[in-house]
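Please read the structure below before turning to the comments.
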Amino acid sequence: MRRAVISLFTAILGGLAVLGLSVPSLAAAAPAAPPSIVSAGTDDFTFDSWHSEFELALTTDGHSRLTTTETIVARFPETDQNRGILRAIPTHYDGHPTDLELVSVTDENGRNRGIDTTTTSEDGGDEFLEVTIAADDYAHGAQTYVITYKQVDVALEPEDAPIQEFYREVNGTGWAQPFGDVSATLTVDPDVAPRLTGEAACYQGTSDSSETCASLSTDAAGEAVTIEITAGALGPAEGLTLAVGFEPGTFVPRDQSFTANPLPGIGLAAALFGLIVAGLAIVARATRWRNAPGRPTIIAEYLPPKGVNLLVAGNVTRTSGKAMTAQFLSFAVRGNVRVLEDEGKKHYMLELQHTRDLDTSEQAVLRLLFPGLHAGRSRDLTTKDTTLGTGLTKQLQAVLKQVLADGLRVEKGGRPRRWLIAGAVFTGILTLVGCVGAFITEVGGGWPVLVLVLGIAASVTTLTAVASVRPFTAAGAELRDYLAGVKLYIDTAEADRLRVLQSPVGALRSPYRPDPASVLGRPGLPDPGQPGQVLKLYERLLPFAVLFGQEKEWSRVLGEYYARSNAQPDWYAGNAPFNPVWFAAGLSSFTSSTSASWSGSASSSSS
C-alpha cells in the first residue's frame, strides 16, 4: 500500500490537479509604512494551526461526494502588513471537473468574512478557484478562517493497484509559511464505510518526501468510520497527505464520454442536418439556380463592352470593390474629367470637363462628385466626405437592381431559398449551443470541436450558396465572358495583343463588341503600325485593367506607348514633367488613394 501511495504522491505532484493544494498567502499589499516602522514582506507571518474535516459520502447516483471544512489559524505581525490570506482550491481532479461549490467563509464564531473569488489556470492546465479573504483593515495577531466547500468525483483509481482511493493533500506544499500544527479528520459515511479495504497511510514533508506522518488512528463511530491524522509542526513548503483505500466499484467514476449528457449529441445531430441542408443548397445552385452556360471558349477582346458602365461590369465580374475607382478613370479617359496630381504624397483632384455621353448611373456618380455639374469645378480626393461616401455606396447598391432590370441576371429561389437559409441558421445555432454546452460540462474530449467546425462550415456553405440567388441570364453570361476576354487581352504579351488587333475573328459576334470606328474615330480596324491609334485603344482599356487588378502592368504599357508616340495624356496632369515611369507609378498611387478616399468616407459615416 505504501508503494502505491508513494507513486501516486509523486505522479500527482508531477502534473495532476491535487485537491487541497494551497498557494502562498497574499494578501492585499500594504501601503508604504511610516518611516518609524520597518515593514517586512507580506509572506512574513505564520500559521498556528490547520485542521481539515473531510466528510466522504455518495451522491444519489453513486458518485463520490466530499464536504471539506478547513479551519486555518494565521498569526500576523502587529505592523500594518496583511489584510488576510488567499486560498487556491483546485477545480479539477485527475483531469475532470469536481463541480466545486464554495459554501461559506467565516471566522471562528461563524461570522462571514469578506471574500473575492476568481478562477485562474496554470501553465500545466490546472485550474483553481482563488478565494481572497481580506478585511478592510489590517490583520494583527491570531486570525481564524473557516472555509467550507463541496465537491464530487474526488475518488482516484490508481494505475498500479486494483482499488479506488481517497487521496488528499491537507494543506499542500505551496505555502511559504511554517505551520505550528497540521491535522485532518476523514469521516466515511455509513453507506461507504463497508467498502473500506482497511488500508490507510499518511505522509508529511516536502513534495518528494516519503516520511510517514506523526500519527494515524481509525475509529468506528457507529456505522461511520473516522480516520484521524496529524503531522505536528511543518516548515514552509511542507504538507500533510492522506490516502485511504476502497474496494473497486465503490464510487461511480465521472463519465466524460461523448454520450455523457445530451449536449454533444444535440450538436452532432444539428451538424449532420446542416450538412444535408448544405447539400441541398449546392444541388439547387448547380441545377435550378445555375448561371446560363455562356461561351464554350473565352476569346480575347480588345474593345470595352458596348453600353456597359464600370459599375455594372464590377457586378458581373464580382469586383465591385474596385468598380468605383475604375469608373472615375473611365470618366478621365473619355474626357469627362481630368486627374490632377497636386503637391504632396498621394494628393489627387478631379476636375470636371463635360457631361456628354454618360448613362443615368454615370451621371448620378458625377453629380455626387460635382454637385450642380459646373464645368471647371474640382473635387479634392484626399478630403473625407461622409455625404459623398454614402452616396457612392448607394450607387453601387443600386447596381444590384440595374442588372436585374437590364436582363443580365434573374432573381430566383423564392420560398425554397428562404427555407434553406432558415435551416442553415437554425442548425448553426443548435450546433453552437450543443458544442459549447459540451465544452462547459467538459465531456466528449475533442469531438465537440470537430462537430462545431463541421456544423459551422455546413451553415456557412449553405449561406454562401443561397445568400444571393441571381444567376446570369444568357445575356449576362455573354457579358461575363466578354469581360473575361478583355481581361485575357490585357493579360497577354504585346505581340499576342497586336495579332488580336490584326485578326479579331470570332469576337465580332458578341452584341457587346462595338464598332471600332466608334471607338477610334475612323473606319476600319486599328493599325498596329500606328502607335497613336493603339494608344487610344489602350487608354479605353485602362479602367478595366483597374477593375481586374492589372493597373500597374497596364499603366506601364500605356507609358511606353506615350513615349513611342511622343505624346502625353490630356486627362492626367502631374506635378512634374511627363515621364512614362512616373506616370505609371502615379496612376497606381491614384487608384489606391481614390479607393481609400471614397470608401473611407462611407466607413466613417457608418461608424
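Rule-based calculations on the coordinates, nothing more; no lab input. In this text the structure is predicted, and so the values were computed from the model without any measurement. Here Cβ is always computed from backbone atoms with ideal geometry, including for glycine, and neighbour counts include all displayed protein chains.
Data for the structure
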read-out	value
Shape call, the stretch 218-349: gyration tensor on alpha carbons, a/c limit 1.5	oblate
Which of ALA88, VAL277, MET349, positive extreme of dipole for the chain (C-beta unit charges)	MET349
Cysteines without a disulfide-compatible neighbour (Cβ-Cβ under 4.7 Å), the chain	CYS435
D (Stokes-Einstein, µm²/s), Kirkwood Cα radius, the stretch 92-251, 1.002 mPa s at 20 °C	121
Reduced Cα scattering model of the chain, Debye log10 I(q)/I(0), q = 0.06, 0.08 Å⁻¹	-0.62, -0.75
Percent of alpha-carbon pairs separated by more than 20 Å within the stretch 245-309	69
About the Cα centre, charge dipole magnitude for the stretch 40-164 (Lys/Arg +1, Asp/Glu -1 at Cβ), debye	500
C-alpha long axis of helix 474-491 to longest principal axis of the chain, angle in °	90
Note, ³J(HN,Hα) from phi for the stretch 58-75, Karplus 6.51, -1.76, 1.60, rounded to Hz, x at Gly and Pro	10, 7, 4, 9, x, 7, 6, 10, 10, 10, 10, 10, 9, 10, 10, 10, 9, 10
Cα gyration tensor category, rounded, prolate or oblate, for the stretch 365-462 with a/c compared to 1.5	oblate
The chain - percent relative contact order, Cα under 8 Å, separation 6 or more	14
Under 5 Å, built H, 5+ apart or other chain: amide partners of GLN177	ALA237
Acute angle (nearest 10 degrees) that the helix 447-466 long axis makes with the longest principal axis of the chain, alpha-carbon atoms	20
Simple label model, 7 Å out from Cα along Cβ direction - ARG367 to THR67, nm	8.1
The chain: angle of helix 531-547 to the longest principal axis, Cα-based, in degrees nearest 10	30
Gain upon complete extension [ASP137, THR79; 0.36 nm per residue less C-alpha separation]	19.7 nm
The stretch 214-225 - phi-based ³J(HN,Hα) in whole Hz, Karplus 6.51/-1.76/1.60, Gly and Pro as x	5, 7, 9, 9, 10, 9, 8, 9, x, 8, 7, 10
Residue (of PHE439, TRP554, THR591) at the positive-pole extreme of the chain, dipole from beta-carbon charges	TRP554
For the stretch 141-154, 3J(HN,Hα) per residue [Karplus equation, 6.51 cos²θ - 1.76 cosθ + 1.60, θ = phi - 60°, Hz, x = Gly/Pro]	x, 6, 10, 9, 10, 10, 10, 10, 8, 10, 8, 10, 6, 10
Estimated FRET transfer efficiency when R0 is 51 angstrom, pair ALA495-ARG418 (beta carbons, to 0.05)	0.45
TYR93, TYR512 arranged by Cβ crowding within 10 Å, fewest neighbours leading	TYR512, TYR93
Rough spin-label spacing in nm, given labels placed 7 Å along Cα→Cβ, for ASP160 and ASP515	9.9
For the stretch 54-133: rounded, prolate or oblate by the Cα gyration tensor [a/c cutoff 1.5]	oblate
LEU102-HIS374 FRET efficiency (beta carbon distance; Förster radius 56 Å; 0.05 resolution)	0.15
Residues LYS150, LYS394, LYS322, sorted so that the one with the fewest Cβ neighbours within 10 Å comes first	LYS394, LYS150, LYS322
Exposure proxy order (Cβ contacts within 10 Å, fewest to most) of THR117, THR355, THR250	THR117, THR355, THR250
